[in-house]
Amino acid sequence: MDDFSPSDLKTILHSKRANMYYLEYCRVMQKDGRVLYLTEAKNENQYFNIPIANTTVLLLGNGTSITQAAMRMLAQAGVLVGFTGGGGTPLHMACEVEWFTPQSEYRPTEYLHGWLQFWFDDTKRLYTAKLFQQQRIEFIEKVWKKDRDLKAEGFDFNSEQIQNALSTFHSRTNAAVKQSDLLLTEAQLTKLLYKYAANNTNVAEFKRQHQPDKNSTSKANDFLNHGNYLAYGLAASCLWVLGIPHGFAVMHGKTRRGALVFDVADLIKDALVLPWAFICAKENATEQEFRQQVLQAFTDHKALDFMFDTVKNIALTDEFGVDEHA
């Protein structure tokens, strides 16, 4: 450990990091140059290591505490830390997540500069919102065509129902003249995807409930809320690394402080969170089993990579390419 420096923690690009953690009823601390969490067992206390150099987001739920030394190491590694509501279902039951972002005066400014070049122009911002929608659909196509498990559960991108819905979606998106038109079109597509997923998994009379409800009897709703907040964690991490403030949204409105987080999270939610929420509900999975499944899906399909590539290329170019700075 004598040759160890904080800069060594940043050797893994954020877009390539594999881990997100949700912890509850434990104490997070620094010990011997590592970040650990301590749980109190019946006969002894147990320590578990958190590999912070390969972690994007750490969510702290009910009954958690964290030391100043641990926060310092997490900040040095560029890990986004959030205090959340907790409990069985969903992940953020009690309150809105509060993010603690690592502070660094050396983060890049090029992406913010590129974002602001179009953001104050209504026409360009609308065009960018349409690009987000295009990328969202392309990611659904990529995932659903590749993932054998989703295919086995009946999620077929080439099905007549999905293709008819996308045909309508594309025509209305192209014709949209303001952000509210896009939001309405998006809501209509998502409603159809809920119906499609419910039919595939035999979830009777599904009705979406966006607000957490501790008395909920719908596991599909609980898992959707839970998985969406995990996607928000990835989106917040992506935007922090690129230095783009969360208020510069292109879809969800200029009056919501965290709206760009929702825009970026929407790139992956329908492709990954939505189908697995219904599948895990059908299988009567626990919250932890669902979380493990959806986080594995994020890793398998490189969801964070996709967020970085999309946001960077929109910020820097008119065409979609890839660069490797983040």
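Here are the numbers:
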{"quantity": "D300, D305, D122 arranged by Cβ crowding within 10 Å, fewest neighbours leading", "calculated": "D122, D300, D305"}
{"quantity": "Overall dimensions of the range 6-83 by Cα: Rg and Dmax, Å", "calculated": "12.3, 40"}
{"quantity": "Pairs beyond 29 Å (Cα-Cα), from K42/K282; K130/K282; K16/K142; K130/K219", "calculated": "K42/K282; K130/K282; K130/K219"}
{"quantity": "Global geometry of the range 110-316, whether rounded, prolate or oblate, following the gyration tensor of its Cα atoms and the 1.5 cut on a/c", "calculated": "prolate"}
{"quantity": "Amide proton proximity set for V35, modelled H, under 5 Å, gap of 5+", "calculated": "I50, I52"}
{"quantity": "Proxy reagent accessibility, fewest Cβ within 10 Å first, across R148, R107", "calculated": "R148, R107"}
{"quantity": "Prolate/oblate/rounded call for the range 118-183, Cα gyration tensor, a/c under 1.5 rounded", "calculated": "prolate"}
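Where a number appears in this text, it was derived from the coordinates with a stated rule and is not lab data. This structure is a prediction, so every number in the text was calculated from the model and none was measured. All Cβ positions, glycine included, derive from the backbone under ideal geometry; neighbour counts span all protein chains shown.
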